[in-house]
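Readers should treat all values here as calculations from the given coordinates under stated rules, not as data from a laboratory. Since this is a predicted model, take the numbers as computed values, not measurements. Note that each Cβ is placed from the backbone with ideal geometry, even for glycine, and that neighbours are counted across all protein chains shown.
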Amino acid sequence: MSDTVLEVKNLVTTFRINKKEYPVIRDISFEIHENETLCMVGESGCGKSVTTLSVMGLLPENGAVRSGSIKLCGEELLGMSPRQLGQVRGKKMGMIFQEPMTSLNPLLTIGYQLTEGLRQHLGMSKAEAHATAVSYLEKVGIANAEERMKQYPFQLSGGLRQRIMIAMMMSLQPRLLIADEPTTALDVTIQKQVLLLLNRLKQDMKTGILFITHDLGVVAQIADRVIVLYSGSKVEEGATRQIFENPLHPYTNGLIAAVPNVDSDEFEIRPIPGTFPSITEEIGGCRFHPRCPYATERCRQEVPQALEYEPGHFVACHKVEEENK
Amino acid sequence: MSDQKQVLLELNKLKKYFPVRKGVNLKAVEDISLKIYEGEKFGVVGESGCGKSTLGRVILQLYPQTSGACVYYGKSLEEVSPAYVAKEIAHLTQYQQKAKEFYQKSLEIDRKIAELNTRLDALSAQGTDREVKAHWKLSKEIAELEYRSHELRKDASRQLREGSRTAGSLILCENIAEIQQLFQKALECSLKAREAQEQYDRSDARYGEALVEGQADAQAEKELEEYGTQAAQYRAEARKWREQAFSFRGKNIQMITERCGDPEYWDKLDRNYETGINLGKLSPSELRALRRDMQMIFQDPAASLDPRQSIGKAIEEVFDIHTDYGPQLKKEKTLELLDRVGLKAEQYDSYPHQLSGGQKQRVGIARAIALNPKFVVLDESVSALDVSVQAQILQLLDELRDQQGLTYFFITHNLGVVKHFCDRVMVMYLGNLCELSPSHALFDKPLHPYTRSLFDAVPRPAVRDGLDASGVLEGEVPSAVNPPKGCPFHTRCPHCTDRCKTEKPAIREVAPGHLVACHLYD
């Protein structure tokens, strides 16, 4: 498809711990299209963030992509030189992280940090960059933008800082925006403001968004499609409605059941038993089987393949496969 | 069991200001008054900076309060007998004396007023300029004196009120000196009982230690019995003295002020009689002893564990500080705790980095419940955990509450968790109470506009068509250094009126147990 922004195929990423290699991402494939938000959910350690780092080429020293392909607008990113990657990052793909304060330089004004990318990537003059930056600050709903340009990050609240990060990324008009838990550190009222803003920008600029979160509530609000990760593997993928109204994988079910819902009256605290496996743990077959209530002998032996049950709804589970034979 | 809920903690106009610089304060907690009942799961929600964590810490006296009181009823005042009680008892006669003095002074002034009034009456008959001026001067003088007399009367009743905290209506008795002595004797006995109790606990630790080793310590057993009866005897004696003191109630009443003859006034003073422990008045060592009863579980369990200390040692540290347990008994108790919070015995020798986030939080819980506390403050204790683990920890907390009769003060920003975990919920905004209600009532019918917009903003795990923009709050939380005048929420409130900008709404009970501070419900 021509409007595919990001295409990841059979990605395998490993980490070296104590001179041994452990796979963290085990063969993940997905696509993001224009004007689409793809949410990746899962518990901490499931590989959500490592996926984004692999895409951006920002893996730490002990991590490496072992196989697969990552294509941004048809261009292969794996094997690019750091210099080429630097050109792509920022211009074609933007990133927003959880804690905006760690991505903003405390010693530089907001204005300087906003115009830097515009001048470097788009070759704008100082005045042009300034005008563009101000217009984007207004777009993300920041009042008296001219004033804000002169301020330093510490003078702003968390919500404002995150808006500035968004303005900074969007002003370069990237094709892909990677947002790694962008609202987790924010209060709910501010979170809602930021989510609305991201949604509007996506529609205006036809950006594809890869949105990482562990909050299923946020997923339901913002995602067009959802990927559920468990211990480095994709266990379920589908449209948001498919995932929430017809979750098939036992892990997705457990995850949704564990969220204390504000609207429902009958909620019983129903945790998923057991603990999340560490990446160094060897688990044969389906990696979820030690915690799965339906585990069979086959689950212990054989790794399940992701199969399509409805158009666009993929599930990797032996139980689902057998029920749908 | 009676239906009457036992109050465990009572907050009375609790305030906490942090000084920013001279004359400028960050008003973190403003005038919070509430009662927390035994066995309750009390939730506090609000955005960051609303003062919920500060409140939790002020209750535990980790921050001293600026004003107001925090009274703990989990232990009786006699059991603890803190030093401030002795001071108060010694002060009893002075309270009465001062009240008398103030009242006498006010009577004197009253006489003077009467005298001046007659002069005034004589003056007003005539009408030259000079006389009008004198008349004006006199009435001004009278008004001033009236004010002073009124103030003195207030001072007098304030003294009596202070005294009644330790003596109830006995503060009005003529033989206050005798009563004071009785109270002192009672206090001495209570202190001896406390000492015997400490001896008892020490012997108990030795006895337990020997038992783990598989042999009975006859000496310790004998001591246990001895100190046990001793403590009981002293307690009975203290009670006897106290009863003797209270036998004077309503007798030998001295007319210190004009209200003293009124039995209703006696009742009022009796209600002031404190049975709880005023945490703000305790000395550091007394507070430390009381920490056994009041514990805290933090958000980030990793931050409260020493990375170079094994899990077992981390838990045993609690016993090192607060008990005289020997090494064997400590280990046994620790293993029992590990089991109770769902950890394995092998993990006794593990180090924090070997545990997952949920397991570390279990260690934090084990440490908090090790001494059988009555009251636990949980400050965002499940917020850092993944949903599936979060649910496990909530389940564990529920079980522990049922087993040990704990009371939780549960601080969180997650409304979903509050709804399903807490019995009662308080919503805070900028240090103020917005709404306080049983949680089902709050979630069925949120009244305060802030509560409603908070509910609207919660992302729901259910698909809707498009992102719903209704109820989005504009702007951000104002600074607590310079909070808005009137209702603190008026700058963001969709229903703001002129009245909200000038007048702070009072807290009203709009339905049984449902308090709200908003002009909409006046």
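Observations on the model:
- Loop-located trypsin sites (Lys or Arg not before Pro) in the range A:66-149 whose Cβ has at most 11 other Cβ within 10 Å (DSSP): none
- Looking at the protein assembly as shown, the DSSP beta bridges with both ends there are about 60 percent antiparallel.
- Considering only beta bridges that DSSP places wholly inside chain A, some 65 percent are antiparallel.
- Diagonalising the gyration tensor over the Cα atoms of the range A:206-325 and scaling each eigenvalue by 5 before taking the square root yields semi-axes of 23, 18, 15 Å, largest first.
- Whole-percent P(r), the range B:87-275, all Cα pairs, 5 Å bins from 0: 1, 8, 12, 12, 10, 8, 8, 7, 7, 6, 5, 4, 3, 2, 2, 2, 1, 1, 1, 0, 0.
- Eligible aspartates and glutamates near B:LYS87 by straight Cα distance, threshold 20 Å, same-chain separation 8 or greater: B:GLU78, B:GLU79, B:GLU162, B:GLU178, B:GLU188, B:GLU195, B:ASP270, B:GLU274, B:GLU286
- Per-peptide packing, taken as the mean over residues of other Cβ atoms within 10 Å, places B:392-399, B:428-435 in the sequence B:428-435, B:392-399 from highest down.
- Lys, Arg +1 and Asp, Glu -1 on Cβ, resulting dipole of the range B:339-412 about Cα centre, debye, nearest 20: 160 debye
- Filtered GluC sites (Glu not before Pro), the range B:26-123: DSSP coil and at most 16 other beta carbons within 10 Å: B:GLU38
- Sites listed here are trypsin sites (Lys or Arg not before Pro) in the range B:272-343 whose DSSP assignment is loop and whose Cβ has at most 11 other Cβ atoms within 10 Å: B:ARG308.
- Straight-line reach from B:LYS344: taking Cα to Cα under 29 Å and skipping same-chain neighbours fewer than 8 places apart, the lysines in range are A:LYS20, B:LYS41, B:LYS313, B:LYS330, B:LYS331, B:LYS333, B:LYS360, B:LYS374.
- In chain B, the inverse of the mean reciprocal separation of distinct Cα atoms equals 27.2 Å; this is its Kirkwood hydrodynamic radius.
- GluC sites (Glu not before Pro), loop per DSSP, at most 14 other Cβ atoms within 10 Å - longest free stretch of chain A: A:62-265
- Relative contact order (%) - criterion: Cα under 8 Å, at least six apart; region: chain B: 19 percent
- Average partner coverage of B:390-398, which counts Cβ from other chains inside 10 Å: 4
- Unit Cα scatterers, Debye sum, the protein assembly as shown: log10 I(q)/I(0) for q = 0.05, 0.07, 0.10 Å⁻¹: -0.39, -0.71, -1.19
- Given charges at Cβ of Lys, Arg, Asp, Glu: the protein assembly as shown dipole, positive-most of A:ILE272, B:TYR103, A:ASN18: B:TYR103
- Sorted peptide list for B:54-60, B:409-415, A:104-110, criterion being average Cβ within 10 angstrom, highest first: B:409-415, B:54-60, A:104-110
- Taking Cα atoms only, the orientation of helix B:357-369 departs from the longest principal axis of chain B by about 60 degrees.
- For A:LYS92, the lysines whose Cα comes closer than 17 Å to its Cα, not counting residues fewer than 8 places off in the same chain, are A:LYS71, A:LYS202, A:LYS206.
- Computed from point charges on the beta carbon alone (+1 for Lys and Arg, -1 for Asp and Glu), the dipole magnitude for the protein assembly as shown about its Cα centre is near 2380 Debye.
- In a simple Cβ point-charge model (Lys, Arg +1; Asp, Glu -1; nothing else charged), chain A has a dipole of about 1140 debye relative to its Cα centre.
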